[in-house]
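Some notes on the structure that comes next.
The values are calculated or read from the model by the stated rules, or taken from the named source; none is laboratory data. What you see is a predicted model; the values in this text were computed from it and never measured. Quick reminder, even Gly has a Cβ in these numbers, built from the backbone with ideal geometry, and neighbours come from all protein chains shown.
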Amino acid sequence: MLDPKKSRLVAEVDFEADGKQTGFVRLFYSSHASAYGFLPIPIVVIKNGDGPTALFTSGNHGDEYEGQVALTYLARQLDPTKIKGRVILLPMANFPAGMAGRRTSPIDDANLNRSFPGNPDGTVTQQIAYWIESTLLPKADFVADLHSGGSSLMYVPCALMKLSGNAARDVKQRALLEAFGSPLAYITPGGSGTGADNTLSGGAERLGIPALGTELGGSGTVTPAALRIVRRGLTNMLVHAGILPESERVAVAKPTRIVTVAGPEHFVYASENGVWEPMVELGQTVKAGQLAARIHTPETPWARPAELRFRAGGLVLCKRIPGRTLRGDCLFHLGA
């Protein structure tokens with residue numbers, strides 16, 4: 001476990017006090033514009049007596065907005081007298097990226113969700129990662145890290161979990177997934193049990209904490225459908241954990257459809273630079289060998305477009321949004 005005493009970040013809230021507290025986590029950062037300033041990362045702690053702790057994070061990528069909006073609703077509306085335990089909300093985990101509306105930080109160009117476990121003496125993003133893994137994650141009984149497709153991708157709104165190889169933990173994660181109640185969810189393989197990846201969920205795995213993720217749409221916007229799914233899902237997770245009473249549960253029309261995302265055959269990448277033309281839509285079921293996309297070159301309009309085909313069959317979970325694409329960009333990925 002990382003040593004929280006080494007972190008340079010200072011929280012204005014008392015994690016052990018009852019009631020609702022709002023404030024900032026101060027990340028001291030000396031810049032040309034503010035020699036002795038700090039970056040104010042917003043945080044909300046809602047607590048009532050003993051009980052489980054839920055940690056909900058969003059803004060891990062700053063251009064993914066659905067989770068950020070959902071947590072602002074929860075911050076305003078969750079009544080501490082109605083809960084048993086504690087809820088910690090970190091709606092703009094990568095605060096500089098969130099303010100800039102970017103996937104990565106404008107300060108160090110780093111991706112927070114590729115920076116764990118972080119470094120207490122490192123760059124701004126590394127310091128945030130270290131504080132989350134050393135200070136927040138050890139307090140949590142479970143964590144939900146809310147993502148979407150951001151500026152470059154659009155998803156069918158869904159929840160997700162990664163298998164860890166720890167049977168007891170995976171059972172708890174699967175229960176959280178089903179409690180969240182999204183119409184669609186996907187499970188990715190893992191199984192190492194080491195939590196070796198450098199994401200927030202990898203940090204949760206290192207500590208043995210059940211973790212749930214989401215992909216709630218994207219396109220650099222917020223859709224009403226995705227927002228309804230995540231707000232209902234967060235409430236029902238709190239009910240499942242016993243933090244909220246059963247009377248707060250929101251009904252789900254039908255059980256979650258669960259698919260898997262496995263190897264590289266479930267992804268389609270651009271083979272050329274150009275403007276891509278999708279041949280299928282989100283939510284469509286496709287077959288192996290089916291035409292997925294054409295890549296056109298308007299700068300040489302007489303050239304034949306490149307044609308890309310699906311290597312496996314499945315459900316189209318995700319598609320690229322910008323029409324202009326470069327070789328290596330992800331265009332689609334499938335759930336099987």
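Looking only at the range 25-37, which residues are hydrophobic (A, V, I, L, M, F, W, C) and free of Cβ contacts under 8 Å to residues at least 24 places away in the same chain?
Start the filter on the range 25-37 by keeping residues that are hydrophobic (A, V, I, L, M, F, W, C), which leaves 25, 27-28, 33, 35.
Within the range 25-37, F28, A33, A35 qualify.
What about Y186, is it buried (at least 20 other Cβ atoms within 10 Å of the Cβ), within 28 Å of V44 (Cβ to Cβ) and either in contact (Cβ under 8 Å) with a residue 24 or more places away in the chain or not aliphatic (A, V, I, L, M) (or both)? Judged against the criteria, Y186 is not a match.
For the residues T22, T81, T72, the requirement of being free of Cβ contacts under 8 Å to residues at least 24 places away in the same chain, out of contact with any Gly (no Cβ under 8 Å at 6 or more places or on another chain) and β-branched (V, I, T) singles out T72. Among the numbered conditions (1) touching a strand residue (DSSP E or B) at 6+ places or on another chain (Cβ under 8 Å); (2) in contact (Cβ under 8 Å) with a residue 40 or more places away in the chain; (3) surrounded by fewer than 23 Cβ atoms within 10 Å (Cβ to Cβ), tell me where A93 comes up short. Going through (1) touching a strand residue (DSSP E or B) at 6+ places or on another chain (Cβ under 8 Å); (2) in contact (Cβ under 8 Å) with a residue 40 or more places away in the chain; (3) surrounded by fewer than 23 Cβ atoms within 10 Å (Cβ to Cβ) one by one, A93 breaks only (3). The single condition from (1) more than 29 Å from G67 (Cβ to Cβ); (2) in contact with a strand residue (DSSP E or B) (Cβ under 8 Å, 6 or more places away or on another chain); (3) surrounded by fewer than 17 Cβ atoms within 10 Å (Cβ to Cβ) that M279 fails is (3).
The single condition from (1) within 30 Å of K84 (Cβ to Cβ); (2) polar (S, T, N, Q); (3) not in a helix (DSSP H, G or I) that S247 fails is (3).
Hey, among the residues in the range 247-298 that are over 30 Å from G233 (Cβ atoms) and of a type in the set (S, T, Y), which one's nearest to the chain's Cα centre (by Cα)? Applying the filter and picking the extreme gives Y269.
The set of residues in the range 3-39 being surrounded by 15 or more Cβ atoms within 10 Å (Cβ to Cβ) and either part of a strand (DSSP E or B) or in contact with a Cys (Cβ under 8 Å, 6 or more places away or on another chain) (or both) consists of A11, K20, Q21, G23, F24, V25, R26, L27, F38, L39.
One residue stands out among those in the range 254-277 that are free of Cβ contacts under 8 Å to residues at least 60 places away in the same chain and hydrophobic (A, V, I, L, M, F, W, C): the one that is farthest from M161 (Cα to Cα), which is V275. Just one of (1) over 23 Å from T104 (Cα atoms); (2) among the charged types (D, E, K, R); (3) in contact with a Leu (Cβ under 8 Å, 6 or more places away or on another chain) fails for D50. It is (3). The single condition among (1) touching a residue at least 60 places away in the same chain (Cβ under 8 Å); (2) under 14 Å from S58 (Cβ atoms); (3) outside any loop (DSSP other than H, G, I, E, B) that V222 does not meet is (3).
Could you please find all residues in the range 278-336 being part of a loop (DSSP other than H, G, I, E, B), in contact (Cβ under 8 Å) with a residue 40 or more places away in the chain and among the β-branched types (V, I, T)? Steps first, answer last, please.
Step one: list which residues in the range 278-336 are part of a loop (DSSP other than H, G, I, E, B), which gives 279-284, 287-290, 297-305, 310-313, 321-323, 326-329, 336.
Next cut, in contact (Cβ under 8 Å) with a residue 40 or more places away in the chain only: 280, 282-283, 310-312, 321-323, 326-329, 336.
Across the range 278-336, the qualifying residues are V280, I321.
You will find that of G203, G218, G233, the residue that is buried (at least 18 other Cβ atoms within 10 Å of the Cβ), within 23 Å of G323 (Cβ to Cβ), not assigned by TED's automatic domain parsing to the domain that holds I321 and not aliphatic (A, V, I, L, M) is G218 and no other. Here A159, A93 are screened, and the one residue that is within 25 Å of F332 (Cα to Cα), small (G, A, S) and outside any helix (DSSP H, G or I) is A159. Residues of the range 191-201 that are at pLDDT 75 or above and within 13 Å of L163 (Cβ to Cβ): D197, S201.
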